[in-house]
Amino acid sequence: MSDFPGTLRTWRKARRLSQLDLAGEADVSARHISFLESGRSQPSRDMIARLSDALTLPLDARNQLLTHAGFAARYPSRAWDDADMAPIRAAVDHMLKAHAPYPALAVDRLWTVIDMNRPAALLFGALGLAPGGSLLDLMMSDDAAPLIENWPDVAHHACQRLRTESAAQGGVPALDRVADHLGAVTGRTQKPTGPVIPTIFNTGGMRLSVFATIAQLGTPEDVALDDLKVELYFPADAESDAALRAMAADPG
């Protein structure tokens, strides 16, 4: 058994809850929370589930609480090519292919590219990104800034997203490191903008302005799927729409 009291206390503080707050969310007494954090009481599996819900914990953190209390982990972490993942792979593949002629890609919790459609391969290929590659590594490299016209603005919003995702997972050093790097980028646009900040690629004599939506599974029961994201890119103007359609239609 590992340090369940310390793990619970760490997550409670990460969520900025007092013992009384957590007690209210989990519908238990503050005295019981105090006893759990001091080690005077041992939690049941049901209590861990209630605390996990109250703390809105990701699945791997729920497993951690269980194992630290001496229980078996509940949530598996299957490989992407596992037979049980076939319906998920098919759904992701459908989304990626159906989104053409616009770019789309699937990434895991550490922003590693699991799959992408052909338009995304053409667009991100200019940045050296392919399945198995890391968007985090790309953002830390010197390759992105010269090819993204509004890099300071894109870097700022990527930094905020990374910090949010890291906080939700209780702190992820890999995400925090890149967020710190992006947070140091200067030169943000201060003038009013449109409804979204697009990413403006300027490469190979082609200028593309795109924005993204993010889709996630609604009911994950597998650690590998808990933070799986499908990013669907759309043109931000008519010129980019035409360029993306022409690029996707080119058999070369």
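Near Lys97, which lysines are there with a Cα under 18 Å away, not counting those fewer than 8 places off in the same chain?
Within the straight-line limit of under 18 Å, Lys97 reaches these lysines: Lys229.
Taking only Cα atoms of the stretch 4-68, what ratio of Rg to Rh do you get with Rh as the Kirkwood inverse-distance radius?
0.90
Under 10 Å, Cα contacts only: if you run a Gaussian network model on the chain, which one of Asn202, Asn150, Asn117 comes out with the highest mean-square fluctuation?
For the chain, modelled as a Gaussian network with Cα springs under 10 Å, the answer is Asn202.
Using a Gaussian network model of the chain whose springs link C-alpha atoms within less than 10 Å, name the residue from Gly187, Gly205, Gly24 with the highest mean-square fluctuation.
For the chain, modelled as a Gaussian network with Cα springs under 10 Å, the answer is Gly205.
What would the Debye equation give as log₁₀ I(q)/I(0) for the stretch 172-236 at q = 0.22 Å⁻¹, counting only Cα atoms as equal point scatterers?
One equal scatterer on each Cα of the stretch 172-236 leads to -1.13.
At 0.36 nm per residue, and after removing the present C-alpha to C-alpha distance, how many nm does the segment from Asp108 to Ile214 gain when stretched out fully?
Result for the pair: 36.9 nm of gain on full extension.
At 37 °C and 0.692 mPa s, grab the translational diffusion coefficient of the stretch 30-149 from Stokes-Einstein with a Kirkwood Rh over Cα pairs, rounded to a whole number in µm² per second.
The estimated diffusion coefficient comes to 185 µm²/s.
Where does the stretch 40-86 land on the Kirkwood hydrodynamic radius, alpha-carbon pairs, in angstrom?
11.8 Å
Return the FRET efficiency for the residue pair His32, Ala121: r is the Cβ-Cβ distance, R0 is 35 Å, and the value is rounded to the nearest 0.05.
That gives a FRET efficiency of 0.05.
Report the label-to-label distance for His181 and Ala167 in nanometres (one decimal), using points 7 Å from each Cα along the Cα→Cβ vector.
2.2 nm
Can you pull the Kirkwood radius for the chain, inverse mean 1/r over Cα pairs, to one decimal in Å?
20.5 Å
Assign unit charges at the C-beta atoms only (+1 for Lys and Arg, -1 for Asp and Glu), then state the dipole size of the chain relative to its Cα centre in Debye, rounded to the nearest 20.
For this selection, approximately 740 debye.
Quick note: the coordinates plus some simple rules give every number you see, no bench work behind them. All figures in this text were calculated on a predicted structure; none of them were measured in a lab. All Cβ positions, even for glycine, are placed from backbone atoms using ideal geometry, and neighbour counts span all protein chains on display.
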